[in-house]
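We did not get these values from a lab; they are worked out from the coordinates using the rules stated. These numbers come from a predicted model, not from an experiment. We place every Cβ from the backbone using ideal geometry, glycine too, and count neighbours over all the protein chains shown.
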2 protein chains.
Amino acid sequence: MTREHRKAVVLVSGGLDSATTLAVAKSKGFECHAMTFDYGQRHKIELQAARRVCRAIGVLEHIVVKIDLRKWGGSALTSDKIPVPDFDPNMKSIPLTYVPARNMIFLSFALGWAETLGASNIFIGVNSMDYSGYPDCRPEFIKAFQNCARLGTKAADQNTRIKIHAPLQNLDKASIIKLGASMGVDFANTHSCYNPSTEGRPCGRCDSCEIRRKGFLSAKMDDPAKI
Amino acid sequence: MTREHRKAVVLVSGGLDSATTLAVAKSKGFECHAMTFDYGQRHKIELQAARRVCRAIGVLEHIVVKIDLRKWGGSALTSDKIPVPDFDPNMKSIPLTYVPARNMIFLSFALGWAETLGASNIFIGVNSMDYSGYPDCRPEFIKAFQNCARLGTKAADQNTRIKIHAPLQNLDKASIIKLGASMGVDFANTHSCYNPSTEGRPCGRCDSCEIRRKGFLSAKMDDPAKI
């Protein structure tokens, strides 16, 4: 790989998907520049987890970008007026924790940073198996974003064209956990709950807690994160 | 038009293109929600122009979103280390005033707000005739963004799908000025210079000043903005 082809911007939220994604990027020989968003999320405690994950796995640099998605709310994660719903196994529609255009915004910032760094790779931990049904986690969206990024940046020529890597896209939560564990990811560093107590204790009732619990159960592993 | 189809988010920078775009949106009967970015731009004075433009043309609401694109710089507009170049008629490459992924970031925020408002229209004043050669002003990019927006949002069904309007796309600067003037836009409210003095006086030497000067000349109109 050329230097340009080795550089990557990796979106790291502090959850277990992005921790595994970062480990995948590292294992493939990418120089990782990690990016985290302080976007007004209810579970701001995940920023501490993102710092632990980046320190443990190792990155060239880690920046936390502050943006205010509470300005218009519209999600249980960015508005105090919308409570975080309990996990509902019969839920068919897009849940209230969906944050409008969040991945588009995150990927756009990653793209701006990548272009400035001269990096042609962006890693994101989306997956469309065990997730909450968010439209911006689907492979069609990621592919469309990549196409858009290639048309809207300086790096329009063949050699430096942007690639969006979503290595977890087709994995279920148990497979992600097993993959991360096989690469030595310490999941004790990660945080998943959408509605933690002020001390950072997971609620054990939201989608994210339930998906995590089932994932570890199905992977036949104990969740090392303190409850 | 249904209520949903009447609502629009309009990106307003304070320049003459976005002022004309806002006037176009209003003239077509859209309820306009204006969005401006305080992104660390050298010509922050344009925020005052954006406020004047919104007040003069009339919007339902106007929000200024603060994001920090100086975090990584990479452009003469967001880094003090890169001086704003003088206009160069022989310039063939993308100029130093290009801000990596700026329109992608702006459109992503507009998309998030539009989705929250239940609006299916976004207006942006890009044009690919008399401009500085930025890749994120090209029609292919706008089309790709629209496609991406439709795939990555809740509004995936036919009735509420997002439309990105770029009414100035194929107009040159003189035509934009004539169009704006015909709708009563007061260009005295607008600001274009990339490198103004601390009092807001245009430099008269950057791309943006030169393109504006030539536009008014070619439209056979006086520029009412105080110099």
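Quick notes
- In terms of surrounding Cβ atoms within a 10 Å radius of their Cβ, B:R102, B:R161 rank from fewest to most as B:R161, B:R102.
- Using alpha-carbon coordinates, inclination of helix A:46-57 to the longest axis of chain A, degrees: 50
- Note that chain A, at 37 °C in a medium of 0.692 mPa s, gets a Stokes-Einstein diffusion coefficient of 185 µm²/s from its Kirkwood radius over C-alpha pairs.
- Average partner coverage of B:74-82, which counts Cβ from other chains inside 10 Å: 1
- For B:S79, net neighbour charge (Lys/Arg +1, Asp/Glu -1) across residues whose Cβ lies under 15 Å away: +3
- Packing-based order for B:175-188, B:135-148, using average beta carbon neighbours within 10 Å, highest first: B:135-148, B:175-188
- Relative protection proxy for A:109-117, B:76-84, from highest mean packing down: A:109-117, B:76-84 (other beta-carbon atoms within 10 angstrom).
- Amide H contacts of B:V10 (H built 1.01 Å from N, under 5 Å, at least 5 apart or other chain): B:H33, B:A34, B:M35, B:F123
- The amide H of A:D38, built 1.01 Å from its N in the peptide plane, has A:V65, A:K66, A:I67 as neighbours under 5 Å, considering only residues 5 or more places off or on other chains.
- Counting Cβ atoms of other protein chains within 10 Å of each residue's Cβ and taking the mean over peptide B:66-73 gives 5.
- Averaged over the residues of B:139-151, the number of partner chain Cβ atoms lying within 10 Å of the residue Cβ comes to 6.
- The C-alpha atoms of chain A define a longest principal axis, and helix A:173-182 lies at about 60 degrees to it.
- Distances in nm from B:H5 to the matching label points in the other copies, shortest first (labels 7 Å along Cα to Cβ): 4.9
- Note on region A:3-218: Lys pairs 8 or more places apart or on different chains, Cα atoms under 14 Å apart, count 9.
- J(HN,Hα) series, region B:6-15, from Karplus relation 6.51 cos²θ - 1.76 cosθ + 1.60, nearest Hz, glycine and proline x: 8, 6, 9, 9, 10, 7, 10, 9, x, x
- Residues in region A:185-194 carry Karplus couplings, in order, of 5, 8, 5, 4, 6, 8, 9, 10, 4, 7 Hz; the curve used is 6.51 cos²θ - 1.76 cosθ + 1.60 with θ = phi - 60°, and Gly or Pro positions show x.
- Calculated from backbone phi, Karplus (6.51, -1.76, 1.60) coupling profile of region B:82-90 in Hz, x at Gly/Pro: 10, x, 5, x, 5, 4, 10, x, 9
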